[in-house]
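Pasting a structure here, questions to come.
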Amino acid sequence: MPEQTTGLAQDIDPLVRRLLAPNPSPFTYSGTQTYIVGRGEVAVIDPGPDLPEHVDAILAATAGERIAAILCTHTHRDHSPATRPLAAACGAPIIGCAPLTLDDDGPRADAAFDTDYRPDRVLAHGETVSGPGWTIEAVATPGHTSNHLCFALRENQALFTGDHIMGWSTTVVAPPDGDMADYMRSLDVLLARDDVIYHPAHGEAVTEPRRFVAGIAGHRKMREGQILRLISEEPRAIPAMVEQMYRGLDPRLFGAAGRSVLAHLLDLEARGQVVRDGEIWADAR
Ligand SMILES: [Zn+2]
């Protein structure tokens with residue numbers, strides 16, 4: 001894990017500061033990274049979990065400046081809950097991804113969602129927010145969640161990738177809201193762009209974006225190939241596949257790995273390549 005302290009904003013370049021929240025975990029790596037864009041009049045991207053010490057750190061880092069916009073890439077609990085105390089403290093509007101209405105809040109719904117998120121303005125793909133010296137454009141990237149946005153900082157050719165692209169691991173795509181076909185299409189969206197750097201919400205900056213994204217797409221194809229190979233040997237349930245596919249994985253991540261395998265299977269099912277009988281998946285080719 002790289003040396004990085006919570007509580008103090010780090011200058012990344014003249015327009016961008018990064019502030020690490022104190023929420024490390026097997027899912028968040030060293031924690032959620034909040035970004036502050038601009039000087040004097042700023043935007044705050046992904047204020048993070050509702051931890052008073054992190055909200056205080058954002059306010060301290062921007063003391064004497066005006067927060068003009070609070071932006072959110074998506075509504076997982078490590079990204080958006082701090083929008084509310086931050087907006088209450090500084091009066092800035094909450095702008096960005098749509099709120100997520102899950103049609104089922106029973107056992108299928110993902111407990112990690114922030115259902116209290118209420119944006120003042122939702123950004124559609126291509127819409128912008130600007131301040132002195134900065135223009136931030138929304139890039140729709142569904143997949144990790146259905147409402148996920150990346151934010152392009154035009155002046156820097158930089159992209160804030162949220163959890164779509166992370167600097168330390170491949171992202172989790174967990175059905176029912178996460179969707180592998182959408183995720184792969186959203187990788188193509190990034191490959192068609194000319195960003196020179198990515199600033200992810202978790203992990204280090206990515207300095208060769210297209211190569212990195214191509215690597216992630218290749219990794220997903222490899223996982224898909226593994227699944228097809230395993231179920232063509234014999235029909236299997238997901239836990240049996242995870243055991244074969246993720247040797248040496250932190251046991252706390254087995255559940256998430258299973259969700260990603262399910263995401264691949266649902267995508268393969270939609271393409272007519274696999275069939276399901278209860279918990280057992282089989283090759284349909
Ligand atoms: Zn997330």
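Going by the conditions given, is ASP179 acidic (Asp, Glu), open to solvent by 40 Å² or more (accessible area, probe 1.4 Å), within 22 Å of THR75 (Cα to Cα) and touching a residue at least 24 places away in the same chain (Cβ under 8 Å)?
Criteria met by ASP179.
Would you mind stating whether ASP283 is surrounded by 14 or more Cβ atoms within 10 Å (Cβ to Cβ) and more than 21 Å from GLY218 (Cα to Cα)?
Yes.
Starting from the stretch 256-285, take each residue that is assigned to a strand (DSSP E or B) and list its partners that are of a type in the set (S, T, N, Q) and open to solvent by less than 50 Å² (accessible area, probe 1.4 Å), counting only C-beta distances under 9 angstrom and pairs at least six apart or across chains.
ASP283/GLN273
If you take the residues in the stretch 185-218 that are assigned to a loop (DSSP other than H, G, I, E, B), away from the ligand (no atom under 16 Å from the Cβ) and touching a residue at least 12 places away in the same chain (Cβ under 8 Å), which one is least open to solvent (accessible area, probe 1.4 Å)?
ASP195
Next question, about the same structure. Please go through the stretch 65-81 and give me each residue that is touching a Gly at 6+ places or on another chain (Cβ under 9 Å) and free of Cβ contacts under 8 Å to residues at least 40 places away in the same chain, ordered by number.
Of everything in the stretch 65-81, those that are touching a Gly at 6+ places or on another chain (Cβ under 9 Å) and free of Cβ contacts under 8 Å to residues at least 40 places away in the same chain turn out to be GLU65, ARG66, ILE67, ILE70, SER80, PRO81.
Please enumerate the residues belonging to the stretch 245-255 that are assigned to a helix (DSSP H, G or I) and within 18 Å of MET222 (Cα to Cα).
Once the filter is applied, which keeps residues that are assigned to a helix (DSSP H, G or I) and within 18 Å of MET222 (Cα to Cα), the stretch 245-255 yields only MET245.
Next question. Within the stretch 151-158, can one find any residue that is open to solvent by 30 Å² or more (accessible area, probe 1.4 Å), modelled with pLDDT of 95 or more, over 22 Å from GLU204 (Cα atoms) and more than 16 Å from the ligand (Cβ to nearest atom)?
no
Next question. Show the residue pairs meeting these rules: Cβ distance below 6 Å; 6+ apart or different chains; first residue within the stretch 134-149 and more than 16 Å from the ligand (Cβ to nearest atom); second residue assigned to a loop (DSSP other than H, G, I, E, B) and of a type in the set (Gly, Ala, Ser).
Final answer for the pair search is TRP134/GLY38.
Among the residues of the stretch 82-104, which ones are within 16 Å of the ligand (Cβ to nearest atom) and open to solvent by 10 Å² or more (accessible area, probe 1.4 Å)?
Those that are within 16 Å of the ligand (Cβ to nearest atom) and open to solvent by 10 Å² or more (accessible area, probe 1.4 Å): ALA98, PRO99, LEU100, LEU102.
Tally the residues that are exposed (fewer than 13 other Cβ atoms within 10 Å of the Cβ) and either in contact with a Gly (Cβ under 9 Å, 6 or more places away or on another chain) or of a type in the set (Lys, Arg) (or both), restricting the search to the stretch 240-274.
3
Now for a separate question. At pLDDT 95 or above, of a type in the set (D, E, K, R) and crowded, with 23+ Cβ neighbours inside 10 Å: does that describe ASP163?
Spelling it out, ASP163 is indeed at pLDDT 95 or above, of a type in the set (D, E, K, R) and crowded, with 23+ Cβ neighbours inside 10 Å.
The values are calculated or read from the model by the stated rules, or taken from the named source; none is laboratory data. Treat the numbers as computed from the prediction; the structure is a model and nothing was measured. Positions of Cβ are generated from backbone atoms using ideal geometry, with glycine treated the same way; all protein chains shown enter the neighbour counts. With ligands, DNA and RNA removed, areas are computed over all heavy atoms of the protein, side chains included. Shrake-Rupley method; radii C 1.70, N 1.55, O 1.52, S 1.80 Å.
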